[in-house]
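The values are calculated or read from the model by the stated rules, or taken from the named source; none is laboratory data. Since the structure is predicted, the reported quantities are computational estimates derived from the model, not experimental observations. Cβ placement follows ideal geometry from the backbone for every residue including glycine, while neighbour counts extend to all protein chains displayed.
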Amino acid sequence: MSFFTYRKGVLHAEGVPLPAIADAVGTPAYVYSTAALTGHFGAVVDAFGEARPLICYSVKANSNLSILRLFAGLGGGFDIVSGGELARVRQAGGEAAKTVFAGVGKTPEEMAAALDAGLLLFNVESAEELEALDAVGRRLGKKAPFALRVNPEVDARTHRYIATGLKTSKFGVPFEEAVALYERSKKMRGLKAAGLDCHIGSQLTQSSPVRAALTKVAGLYRELKARKHPLEYLDVGGGLGITYTDETPPSVAEYARVVLAATKDTGARLVLEPGRSLVGNAGVLLTRVLYRKLTPAKRFAIVDAGMNDLLRPALYEAHHGFVPLVKRRGKEVEVDVVGPVCESTDVLAKARSLVLPQPGELYAFLSAGAYGMSMASNYNSRPRPAEVLVAEEAWRVVRERERTEDLWRGERA
Ligand SMILES: *Cc1c(COP(=O)(O)O)cnc(C)c1O
């Protein structure tokens, strides 16, 4: 169910007309729906039922403090990939004891801060990282709880830039090296083997790669238990896809059935790391049309949001719906929607059939809640957009638009 719907031709987020937000905070601006966020989280809880997995929201998808606080309030944990994300989680009131830490390049400083904070699980991605974590644990007189992130070597059948479980991927340790590494870890006094982890990619639209990967990983979990490793957690990663245009990803219920079937008999407490599936369709990016450029070869609509605000189209050839905030009748023509950034890849919506946009008109990029603001940059010295959270008829700014002087904070002339 979408919480972004037209009422009398005007696009609303829950009960709030989006033009009112655009007029009040300006554009570009991200707008999120509390009901969508809560609903998506609740759907995971319901789908997994009595298995009661720990739902570790993947912070990199959208790291706004208010969103982290909302998920923490729903009992969620967090999946982080940096010390900065851990700091955000704690600032938002999230618990380190429900947080798992992935990433191929954790520094000893990041490891120490996380261990000190009482992190649940370090998802270790290489043999050398395991040694570094052991050293940190010994230095602090603690046993760092770890899971190896294994690479199950399955093709997630997603865009090549977001597949992480192939043999050639930089993520995870090779599947066949895992047992030997766990055995070696028995002699490492700064470590405690607490789980096993995998994550095969993002925007997964088929359940068969999930089934294949988790069947392998569950087999490995059982083998490790038989070898007397005191594992408790089986972290199945994230990656469930969403509908941007015509994709038909598995429903949460189907995903849960596949995960539960593949991991039953392990006795493990499941950890999930959903990112996009919780926040992607809970947010839109509002933008205003600046100009048209109508040439014999092409029609362009130039909008005030650019690839610095929403990078996914330039980075992954991603598709975001592009719709007017106020519906208008007219003949549809083919338009490329482009941003102001000086890059040829700053095309946010390509070859769309639209009633020719007018200067000043407001539009929304849909499904922009995940990997939108969290990837925004100041490229071209553009201040990053505001973020707004809607709840029923109310809304509030949860991140101010950056000001011009923020652009050079910390710099010296
Ligand atoms: C990015 C990431 C996720 C979340 O992926 P989504 O596709 O947003 O669900 C989960 N786990 C790890 C290790 C990640 O890097």
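Quick notes
- Residues of segment 146-195 that are within 16 Å of the ligand (Cβ to nearest atom), among the aromatic types (Phe, Trp, Tyr) and buried (at least 17 other Cβ atoms within 10 Å of the Cβ): Phe146, Phe171.
- A count restricted to segment 196-208 and to residues that are within 13 Å of the ligand (Cβ to nearest atom) and not in a loop (DSSP other than H, G, I, E, B) stands at 3.
Residue by residue, here is whether (1) within 18 Å of the chain's Cα centre (by Cα); (2) outside the structural domain of Pro152 (by TED's automatic domain parsing); (3) at negative phi; (4) without any contact (Cβ under 8 Å) to a residue 40 or more places away in the chain holds:
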site: Pro209; (1), (2), (3), (4): no, no, yes, no
site: Arg222; (1), (2), (3), (4): no, no, yes, no
site: Lys228; (1), (2), (3), (4): no, no, no, yes
site: Leu231; (1), (2), (3), (4): no, no, yes, no
site: Gly239; (1), (2), (3), (4): yes, no, no, no
site: Pro249; (1), (2), (3), (4): yes, no, yes, no
site: Ala253; (1), (2), (3), (4): no, no, yes, no
site: Leu286; (1), (2), (3), (4): no, yes, yes, no
site: Ile302; (1), (2), (3), (4): no, yes, yes, yes
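- Checking the stated criteria, Lys143 turns out to be touching a Lys or Arg at 6+ places or on another chain (Cβ under 7 Å) and surrounded by fewer than 22 Cβ atoms within 10 Å (Cβ to Cβ).
- Among residues of segment 385-413, those that are in contact with a strand residue (DSSP E or B) (Cβ under 8 Å, 6 or more places away or on another chain) and among the basic types (Lys, Arg), counted: 3
- Test: residue in segment 321-335 that is crowded, with 22+ Cβ neighbours inside 10 Å and out of contact with any Leu (no Cβ under 6 Å at 6 or more places or on another chain): no
- Residue match in segment 265-283 (condition: modelled with pLDDT under 95, within 16 Å of the ligand (Cβ to nearest atom) and closer than 26 Å to Ala102 by Cβ): no
- Test: residue in segment 57-68 that is of a type in the set (A, V, I, L, M) and in a loop (DSSP other than H, G, I, E, B): no
- Condition check for Pro250: under 26 Å from Ile162 (Cβ atoms) and surrounded by 22 or more Cβ atoms within 10 Å (Cβ to Cβ): no
- Flag for Pro19 being farther than 28 Å from Leu119 by Cβ, surrounded by fewer than 18 Cβ atoms within 10 Å (Cβ to Cβ), in contact with a strand residue (DSSP E or B) (Cβ under 6 Å, 6 or more places away or on another chain) and not assigned by TED's automatic domain parsing to the domain that holds Gly201: yes
- Subset of segment 211-239 (residues that are among the small types (Gly, Ala, Ser) and away from the ligand (no atom under 16 Å from the Cβ)): Ala212, Ala218, Gly219, Ala226
- All conditions but one from (1) of a type outside the set (A, V, I, L, M, F, W, C); (2) assigned to a helix (DSSP H, G or I); (3) closer than 24 Å to Leu148 by Cβ; (4) within 16 Å of the ligand (Cβ to nearest atom) apply to Arg88; the one that does not is (3).
- Scanning segment 182-197 turns up no residue that is aromatic (Phe, Trp, Tyr) and within 27 Å of the chain's Cα centre (by Cα).
- Of residues in segment 145-183 being charged (D, E, K, R) and free of Cβ contacts under 8 Å to residues at least 12 places away in the same chain, the one nearest to Pro230 (Cα to Cα): Glu176
- Residue in segment 253-264 that is within 23 Å of Gly75 (Cα to Cα), of a type in the set (Phe, Trp, Tyr) and within 16 Å of the ligand (Cβ to nearest atom) present: yes
- Ala305 meets each of the listed conditions (1) closer than 30 Å to Asp346 by Cα; (2) out of contact with any Gly (no Cβ under 7 Å at 6 or more places or on another chain); (3) away from the ligand (no atom under 16 Å from the Cβ) apart from (2).
- Selection count, segment 97-138, where residues are in contact with a Ser or Thr (Cβ under 7 Å, 6 or more places away or on another chain) and of a type in the set (A, V, I, L, M, F, W, C): 4
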